[in-house]
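Taking it in order: structure first as structure tokens, then the write-up.
The values are calculated or read from the model by the stated rules, or taken from the named source; none is laboratory data. The structure presented is a predicted model; accordingly, all values stated were derived computationally and were not measured. Counting neighbours? That spans all protein chains shown, and the Cβs are built from the backbone with ideal geometry, glycine included. Ligands, DNA and RNA are stripped out before the accessible areas are found, and what is left, the full protein with its side chains, is counted by its heavy atoms. Shrake-Rupley method; radii C 1.70, N 1.55, O 1.52, S 1.80 Å.
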Amino acid sequence: MSETELSIGQLGPKGDGVHFGPTERIYAERTLPGDRIKAIVRRDRMGIARAEIVEILEPSPERVAAPCVHYDRCGNCTLQHMALDHYRNWKTTMVRDAFKKQRLHPVKWLDPIFIGQSKRRRATFSALKSGPKLSLGYYRRRSQEIVDVDSCLVAHPRILEVRNALKPLLPHLLPEGHPVDIFVQLVGTAIDLVFTGPCPRSFHPDSGLQDDLSLFAMKNNIARISWRRLERELPVQIVNRAPVVAMFGMIQVPMPAAAFMQPTQEGQTALANAVMAALPFRVSANSKLADLFAGCGTFSGPMLERGAVDAYESLPLPVNALNRAATHLPLRVFRRDLFSDPLKRDEINKYDAVVFDPPRSGCPEQAANMARAKTRTLVGISCNPATFARDARILVDGGYRMQSVQIVDQFLWSHHVELVGVFVK
Ligand SMILES: C[S@@+](CC[C@H](N)C(=O)[O-])C[C@H]1O[C@@H](n2cnc3c(N)ncnc32)[C@H](O)[C@@H]1O
């Protein structure tokens, strides 16, 4: 494989440096605009040219030493080699560019909020037992290799404590040669652990699995441990020592295993604050609000301060969890697929404000119905600026003004970013 010299012109959407060749773009991970590198270029399975650094011939002025000891091998934190100011500027520009592409000009850009190190309260570690060796960490990027990480600058210290306590237990628990994912989530002060992958013992109480995991949970103050063979299966609860309950505003939600939560408490607070700042104060005693793609109620809970809330969500477990939290509160929970059966214009018109927080793919069908509605305030939350801007265009074409955008970066050193957009008609 021959080596070639590349000059990096800009960063691509996933944070890889891009070299603009005469016929095509070459993506070089862990590079920055201004870098000149010696590299080996290969094609990936999609035919995209990707460069691997052999030597940095001339570093970008924005390049810094990555602070994490695992940086060279671990597949996460793609942008630790970028000076913090430039990294923040890149994230902000990425969102602004997505809006510009859709010819959207929000009236106000609020100061972006950047969440720092050691705050991530959810992590999925991968584990592999291979003979006497056990790796427990994150996948190397575009590789099946698991990098053993005993430290991580983005994870909450409690998550790392659990990871490090798990390591000596796993050789007795894991199958030989099959990777198993271990999801660890900090819910308030409770730890929820979910294994996904083949289990060499049965889940039957006689198998001894329950004893081993119960002892581990007791020693390490783990609230709940579940196991599922495949991600699409429901986790089987093996240990249940303490309630796993999340506080969202005024509601306490008993969280299902591996439930979706915002990745940091600080990010959740920032997003909820941005939502609340946009919602009208109780316009009447009968104020009605809707929370679409509600999950377990991250926003429904705080929204109850401003009126009765109808929460819509397609998955049964979050719907049940939120229903249990709703007792005696003006909170109604509806199981509904908002892609195939979006709220209709007349249904939307019943609300004083609508909050929507769809998955990464966005919600163009729902946006089309909202665009035609009379509801004065719409508040969108998204982790994908491109699909959000596409849906925002639909709302603006329907007569909404894009009032403000709040960027919240709770995915430090990655290419992911979250935002809240407010629309007024
Ligand atoms: C980004 S999460 C947001 C959840 C919640 N708002 C939060 O912040 O915790 C998106 C939510 O949309 C739900 N969802 C996905 N597809 C859906 C659909 N077709 N109809 C309704 N809800 C859907 C997911 O189950 C998930 O709870």
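Within segment 334-343, track down each residue that is among the charged types (D, E, K, R), open to solvent by 50 Å² or more (accessible area, probe 1.4 Å) and touching a residue at least 12 places away in the same chain (Cβ under 8 Å). 335, 337, listed by residue number.
Of the candidates 130, 118, the single residue that is open to solvent by 50 Å² or more (accessible area, probe 1.4 Å), in contact (Cβ under 8 Å) with a residue 12 or more places away in the chain and small (Gly, Ala, Ser) is 130. Looking at the structure I just gave you, is residue 304 more than 7 Å from the ligand (Cβ to nearest atom) and either small (Gly, Ala, Ser) or over 20 Å from the mean Cα position of the chain (by Cα) (or both)? So residue 304 fits the description; yes. Close Cβ contacts (under 6 Å, 6 or more residues apart or on different chains) running from residues in segment 169-192 that are assigned to a strand (DSSP E or B) to residues that are hydroxyl-bearing (Ser, Thr, Tyr) and open to solvent by less than 30 Å² (accessible area, probe 1.4 Å) comprise 181/126; 181/196. Of all residues in segment 378-392, those that are more than 19 Å from residue 295 (Cβ to Cβ) and open to solvent by 10 Å² or more (accessible area, probe 1.4 Å) total 3.
Residues of segment 13-51 that are surrounded by fewer than 14 Cβ atoms within 10 Å (Cβ to Cβ), free of Cβ contacts under 8 Å to residues at least 60 places away in the same chain and either in a strand (DSSP E or B) or touching a His at 6+ places or on another chain (Cβ under 9 Å) (or both): 20, 40, 42, 43. Quick check on segment 320-333. Is at least one of its residues within 8 Å of the ligand (Cβ to nearest atom), in contact (Cβ under 8 Å) with a residue 24 or more places away in the chain and open to solvent by less than 70 Å² (accessible area, probe 1.4 Å)? For segment 320-333, residues within 8 Å of the ligand (Cβ to nearest atom), in contact (Cβ under 8 Å) with a residue 24 or more places away in the chain and open to solvent by less than 70 Å² (accessible area, probe 1.4 Å): absent. Among the residues of segment 268-301, those that are among the hydrophobic types (A, V, I, L, M, F, W, C), over 17 Å from the mean Cα position of the chain (by Cα) and either away from the ligand (no atom under 11 Å from the Cβ) or part of a loop (DSSP other than H, G, I, E, B) (or both) comprise 274, 276, 277, 278, 279, 281, 283, 285, 289, 290. Within segment 364-373, not a single residue is surrounded by fewer than 23 Cβ atoms within 10 Å (Cβ to Cβ), closer than 29 Å to residue 79 by Cβ and away from the ligand (no atom under 12 Å from the Cβ).
Those helices (runs of 4 or more DSSP H) of segment 322-414 in which at least 2 residues are more than 26 Å from residue 113 (Cβ to Cβ) and in contact with a Lys or Arg (Cβ under 8 Å, 6 or more places away or on another chain), considering only elements entirely within it, cover 345-349, 364-371. Scan segment 207-240 for residues that are under 19 Å from residue 158 (Cα atoms) and in contact with a Pro (Cβ under 8 Å, 6 or more places away or on another chain) and the total you get is 2.
Of the candidates 357, 346, the single residue that is of a type outside the set (Lys, Arg) and open to solvent by less than 60 Å² (accessible area, probe 1.4 Å) is 357.
Can you tell me which residues in segment 174-189 are in contact with a Phe, Trp or Tyr (Cβ under 8 Å, 6 or more places away or on another chain) and aliphatic (A, V, I, L, M)? Within segment 174-189, 180, 182, 184 meet the criteria. Selection within segment 219-239: residues that are assigned to a loop (DSSP other than H, G, I, E, B) and among the aliphatic types (A, V, I, L, M). The member of this set that is surrounded by the fewest Cβ atoms within 10 Å (Cβ to Cβ) is 230. Among the residues of segment 334-359, just one is under 18 Å from residue 424 (Cα atoms), touching a Ser or Thr at 6+ places or on another chain (Cβ under 6 Å) and within 14 Å of the ligand (Cβ to nearest atom), namely 354. Can you tell me which of 216, 260 is closer than 19 Å to residue 124 by Cα, in contact (Cβ under 8 Å) with a residue 24 or more places away in the chain and in a loop (DSSP other than H, G, I, E, B)? Unique residue meeting the criteria: 260. Consider segment 307-319 and keep the residues that are near the ligand (Cβ under 6 Å from one of its atoms) and open to solvent by 30 Å² or more (accessible area, probe 1.4 Å). The one that is farthest from residue 234 (Cα to Cα) is 314.
Looking at segment 403-420, can you tell me whether even one residue there is crowded, with 24+ Cβ neighbours inside 10 Å and among the aromatic types (Phe, Trp, Tyr)? Taking every residue of segment 403-420 in turn, none turns out to be crowded, with 24+ Cβ neighbours inside 10 Å and among the aromatic types (Phe, Trp, Tyr).
Within this structure, residue 209 fails the test of being touching a Ser or Thr at 6+ places or on another chain (Cβ under 8 Å), closer than 23 Å to residue 326 by Cβ and either open to solvent by less than 40 Å² (accessible area, probe 1.4 Å) or at pLDDT 95 or above (or both).
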